[in-house]
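The structure appears below as C-alpha cells.
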Amino acid sequence: MTLFLSIKCVVLRGFMKTMMKVILCVGFSVTAGIAQAACTFDVEVGDYLKFSAADMTVEKSCESITVNLTHAGSLPANVMGHNWVLAASNDVDAVAADGMQAGLDAKYVKVDDSRVLAVSAVVGGGETTSVSFSTADLTAGGDYMFFCSVPGHSYNMRGMFVVQP
Ligand code: CU1
C-alpha cells in the first residue's frame, strides 16, 4: 500500500513538472508572438489571389513597420506576381486602377503617386521582398487598407490595416 502511494506520488510529481513546463512554454511563446507582431510582419502569398493575413494591426509607437512578403508558389512575377501596397481605404480602387497602366517595372503603381503610403516590389514564385515605412504619416484610428496592385488582384487581395496608438 505504501509502495503504491509513493509510486502514485512520483507519477503525480512528474505530471505536475510537465504541466509547469507546458504552461511556461505557452506563456513565453505568447509573449514573443505579441512582441514580434507589433512592428514586423511576415506575409505569404502563392499561386492564387490571397494574402496569408486577412487583417493587420500595427502600433503607431513603432517608428517604422516592416512587411516581409514571401511568394511560396512557383509561377513567375509576370504571370502570378504579387506586391503589398498600403493606402487610405478610400483611395484603394483609384490607386489600383491607375496601377494597371503603370506596368510591372513600376510595381503596378503610378509614378510618384502620393496616395501610395507604402509599396513593395512585385514578387514571383520563390521570391521574397521587404518594405519598410515610417509610421509618422499614419493616424491612429485612421481608415487604411493593404492590397495587391497587380491588375485584377486588388478585389480579392485586400485587408484592413488597423493603426493603434
Ligand atoms: Cu496579387
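Worth pointing out:
- Residue within the stretch 106-114 that is within 16 Å of the ligand (Cβ to nearest atom) and either among the hydrophobic types (A, V, I, L, M, F, W, C) or in a strand (DSSP E or B) (or both) present: yes
- Top-ranked residue in the stretch 145-165 [being loosely packed, with under 15 Cβ neighbours inside 10 Å and away from the ligand (no atom under 13 Å from the Cβ); ranked as nearest to the chain's Cα centre (by Cα)]: M160
- Screening the stretch 44-89 for residues that are touching a Leu at 6+ places or on another chain (Cβ under 8 Å) and part of a loop (DSSP other than H, G, I, E, B) and picking the one that is farthest from the ligand (Cβ to nearest atom) gives K60.
- Residue check, P151 within 16 Å of M56 (Cα to Cα) and not polar (S, T, N, Q): no
- Taken over the stretch 115-144, residues that are among the β-branched types (V, I, T) and part of a loop (DSSP other than H, G, I, E, B) amount to 4.
- Inter-residue pairs, beta-carbon under 6 Å, first of a type in the set (S, T, Y) and in the stretch 78-91, second more than 15 Å from the ligand (Cβ to nearest atom) and in a loop (DSSP other than H, G, I, E, B), 6+ apart: S89/D143
Each reported figure results from applying straightforward, stated rules to the coordinates on display, with no laboratory input. Owing to the predicted nature of the structure, the values given are computational and were not obtained by experimental measurement. Reconstructed Cβ throughout: ideal geometry from the backbone, glycine too, with neighbour counts over all protein chains shown.
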